[in-house]
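Peer 1: Here you go, one structure.
The values are calculated or read from the model by the stated rules, or taken from the named source; none is laboratory data. Please read all numbers here as calculations on a predicted model, not as lab measurements. Because the Cβ atoms are built from the backbone with ideal geometry, glycine has one as well, and the counts that use them run over all protein chains shown. For accessibility, only protein heavy atoms count, side chains too; no ligands or nucleic acids. Shrake-Rupley method; radii C 1.70, N 1.55, O 1.52, S 1.80 Å.
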Amino acid sequence: MTFLRSVVGKLWFTILLLVSFILFILTVMLLEFFQNYNIHETKDNLTNTAEKIANVLEEHPNEKFPLGLEISWEIIDDVTKVVIVKNENEIYYSPNTEKEKKLTLTYIKNDNELAKVFQEKTVEKISDLSEKTGRNESDYSIIGVPLHLPGDEHGAVFIYQSLRVMQETTHSTTKFILLVAGVAIILTTIFAFFLSTRITAPLRKMREAAFEVARGKFDTKVPILTHDEIGELATAFNQMGRQLKFNMNALSQEKEQLASILSSMADGVITFNRDGTILITNPPADRFLQYWYYEKGGNTSDVEAIPSQVMNLFQKAVDTEKEQVGEISLQGRHWVILVSPLYSNQFIRGAVAVLRDMTEERQLDKMRKDFIANVSHELRTPISMLQGYSEAIVDDIAESQEEKKEMAKVIYDESLRMGRLVNELLDLARMEAGHLQLTIEEVDLSSFINRIIHKFQGLAKDNEIQLTVEIGSGIATVSFDPDRIEQVLTNLIDNAIRHTPKGGLVRLTVSNEEQAIKIEVKDSGSGIPEEDLPFVFERFYKADKARTRGRAGTGLGLAIAKNIIDAHRGHISVQSKMGLGTTFSFLLPRKK
């Protein structure tokens, strides 16, 4: 069945069926023609033979009659029998006539057709001579012609022959015609298969080439073997392959160019299909979606889900065919969203959303407003205490020497606090100005981390906090400035312990990324409010005093940590939810 469904099979079967039908019609017509021709030819031969015998006998009358008989018997062949009726008393049979198959005068006269020969008529009849023999013999063709002899009554010459001879001749002819037809069909089959194979061979090559092109091999070419329609088809196929390769290269270049543009954009871009399915995103848009996933708890089942605010803007843009603008805040970061419809001819096929992170602008606005207030606030308390206690000493309010020493001790502590604040401000200014000098060394990361953890075990134990560390496998030595990274970890671990209640957990995790080392400090504290998250790495940021146990810091530690990580060409980030704790993480690249 597979062969018959192919072009070769269909073409071969069509040619064979057409030739077979023509040969069938021709065979039937030839058989009918030869059968009729054989019958008519036999009858004509018998008639001519009978007339010759009559002429011979008429030329040899009376005493020469026996000579005429001899000549007559020589004229006939072995299968032809002759009855010569000279008169009612003289009847002569040919020597080859069998006794039981003689044509008697009684049978002739009793037959109305045969009796007409005595009336000067030539008659033809098919008879089985059953009346003569009493048996059902084969049919005979009987021809009778008048015989004119002087002085006698009208005689007759009857010549008859069995139709079996004609049937055998017809059968032989039929066998020969059928043999010729069979040979013709066999030759036609071979010729049709050969012809169809030659015709379809280029088509099979084109089919194979089409499959190769479908697999992406656009350099595939079909050999041009002929200059007919199939050759023109092969030429068109090769031209199509070249054009397709050109178009695919152009599309690939446009796609790469578009991908490069999207990847280099600072704004996030999300392209939607008509039904809201995400088609294309760039890295800033991926970060936006990651913030949203974290906001949802990181357990959303639909990886292509988007915030409802964005979906509402998308739906409005599609329905109204106008640009829509909105704002959204996630994890303390602010985005302005512009959604524009995309058209295919005159129909909307989707929309594109541009996400602009406005957090930095908001932070700058807040910094301008809070910087002077923060500096004033940080300096006001120690200055007030220095002024108050120094006045007490000058005015001799302190009577005893111990009281004076206690006041001087307070003045000393506050001066140290002011000095630390000023030094950290100067360090931060140098870092932001690019004057930070790093001393890069090959550090055994496992020993380095364990030493820092050991330093904080006492503080954690005093505050009834469990401090654990987890270092991934395959991490040996890493190149960084150990003093600066220790400063970062010290700040992060100290903050985690101070913001974690008793019975809580602080975990430090070191994992191996593809091209960097990732270090996380995770606590089970109360978390950072969402509105404060964008400002945790700014100067003078402090958590709510109600959530801070022990001494308060200057609010510059995280800003310094961020500058140190940036100097290592790394990245530091924070994720937090109220009541679930906070996770600070930073990446250190393997190569500087």
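Peer 1: Name the residue from VAL165, VAL478, LEU179 whose Cα lies farthest towards the positive end of the charge dipole of the chain, charges +1 on Cβ of Lys and Arg and -1 on Cβ of Asp and Glu.
Peer 2: Toward the positive end, the furthest listed residue is VAL478.
Peer 1: Continuing with this model, one more query. Quick check: Cα centre of region 166-240 to Cα centre of region 255-297, how many Å?
Peer 2: Here the answer is 56 Å between Cα centres.
Peer 1: Next up: Could you give the angle, 0 to 90 degrees to the nearest 10, between helix 482-498's Cα long axis and the longest principal axis of the Cα atoms of the chain?
Peer 2: The helix 482-498 is inclined about 80 degrees to the chain.
Peer 1: Where does the charge balance sit around PRO482 when Lys and Arg score +1, Asp and Glu -1, over other residues with C-beta under 12 Å from its C-beta?
Peer 2: -4
Peer 1: Calculate how steeply helix 65-75 sits against the longest principal axis of the alpha-carbon atoms of the chain, using the helix alpha-carbon long axis, and give the answer as 0 to 90 degrees to the nearest 10.
Peer 2: Value to nearest ten degrees: 10.
Peer 1: Of all accessible surface on the chain at a 1.4 Å probe, what whole percent is carbon and sulfur?
Peer 2: On the way: 18900 of 35050 Å².
Answer for the chain: carbon and sulfur cover 54 percent of the accessible area.
Peer 1: Continuing with the same structure: Roughly how compact is region 184-234, stated as its Cα Rg over 2.2 N^0.38 Å to two decimals?
Peer 2: Numbers: Rg = 14.2 Å, N = 51, 2.2 N^0.38 = 9.8 Å.
This ratio for region 184-234 stands at 1.45.
Peer 1: May I pose another question? Counting pairs of alpha carbon atoms under 8 Å apart in space and at least six apart in sequence, what relative contact order in percent does the chain give?
Peer 2: Numbers: 815 pairs, mean separation 45.3, N = 592.
The value is 8 percent.
Peer 1: On to the next question. Distance from the Cα centre of region 441-499 to that of region 18-42, in angstrom?
Peer 2: What the calculation gives is 109 Å, centre to centre.
Peer 1: While we're on this one: Read phi for every residue in region 23-40 and hand back ³J(HN,Hα) as whole Hz from Karplus 6.51 cos²θ - 1.76 cosθ + 1.60, θ = phi - 60°, with x for Gly and Pro.
Peer 2: 5, 4, 4, 5, 5, 4, 5, 5, 4, 5, 5, 5, 5, 5, 5, 5, 5, 5
Peer 1: With both bridge residues required to lie in the chain, what share of the DSSP beta bridges run antiparallel, to the nearest 5%? Write down the numbers at each step before the final one.
Peer 2: Numbers: 74 of 80 bridges.
If we restrict to bridges inside the chain, about 90 percent are antiparallel.
Peer 1: Starting from the Cα gyration tensor of region 14-118, take the square roots of the eigenvalues, sort them a ≥ b ≥ c, and report rounded, prolate or oblate (rounded when a/c is under 1.5, otherwise prolate if a/b is larger than b/c, else oblate). Walk me through the numbers before you get to the answer.
Peer 2: Values: a/c = 3.47, a/b = 2.63, b/c = 1.32.
Note, shape of region 14-118 comes out prolate.
Peer 1: I've got another one for you. Given [x] 93, 43, 18; [y] 50, 28, 26; [z] 131, 24, 22, which label gives semi-axes √(5λ) of the Cα gyration tensor in Å as computed from the coordinates?
Peer 2: So the structure-derived entry is [z].
Peer 1: On C-alpha positions alone, give me the angle between the axis of helix 283-295 and the longest principal axis of the chain, in degrees, nearest 10.
Peer 2: Tilt relative to the chain: about 70 degrees.
Peer 1: Further, regarding this structure: From the Cα gyration tensor of region 202-337, with a ≥ b ≥ c the square roots of its eigenvalues, which class applies: rounded if a/c is under 1.5, or else prolate if a/b is larger than b/c, or else oblate?
Peer 2: Working: a/c = 3.34, a/b = 3.18, b/c = 1.05.
In terms of gyration-tensor shape, prolate.
Peer 1: Taking amide H positions as placed 1.01 Å from N in the peptide plane, with prolines and chain starts having none, which residues 5 or more places from VAL222, or on another chain, fall under 5 Å of its amide H?
Peer 2: Residues meeting the amide H criterion: ASN238.
Peer 1: OK, next. Considering amide H positions built from the backbone, and no H for Pro or chain starts, which residues 5 or more places from GLY155, or on another chain, come under 5 Å of its amide H?
Peer 2: Amide H neighbours of GLY155, under 5 Å, 5+ apart: LEU147, LEU149.
Peer 1: So what does LYS125 come to for accessible area, using a 1.4 Å probe and Å² rounded to 10?
Peer 2: Approximately 60 Å² for this residue.
Peer 1: How large is ³J(HN,Hα) for each residue in region 57-64, as worked out from phi by the Karplus curve 6.51 cos²θ - 1.76 cosθ + 1.60 (θ = phi - 60°), to whole Hz, x for Gly and Pro?
Peer 2: Each residue of region 57-64 in turn: 5, 5, 7, 10, x, 6, 6, 8 Hz.
Peer 1: Separate question: Run the dipole for the chain about the Cα centre, Lys and Arg Cβ at +1, Asp and Glu Cβ at -1, nothing else charged, and hand back the magnitude in debye, nearest 20. Intermediate values should be presented prior to the final figure.
Peer 2: Numbers: 68 positive and 82 negative charges, 384 e Å.
Using only the charged Cβ atoms, the result is roughly 1840 debye.
Peer 1: Could you check the simple spin-label distance between ILE261 and GLU41, using points 7 Å along Cα→Cβ, in nm with one decimal?
Peer 2: 9.1 nm
Peer 1: Mind ordering 493-503, 286-296, 403-413, 157-167 by average Cβ neighbours within 10 Å, highest first?
Peer 2: By packing density, highest mean first, the sequence is 157-167, 493-503, 286-296, 403-413.
Peer 1: Right, next: Once you list every other residue whose beta carbon is under 13 Å from the beta carbon of GLN331, what net charge do they have if Lys and Arg are +1 and Asp and Glu are -1?
Peer 2: On the way: positive: ARG287, LYS296, ARG333, LYS577; negative: GLU295, ASP357, GLU530, GLU531, ASP532.
Summing Lys/Arg as +1 and Asp/Glu as -1 gives -1.
Peer 1: For the chain, what is the accessible area per residue in Å², given a 1.4 Å probe and the full set of protein chains?
Peer 2: Values: 35050 Å² over 592 residues.
Computed with neighbouring chains in place, this is 59 Å² per residue.
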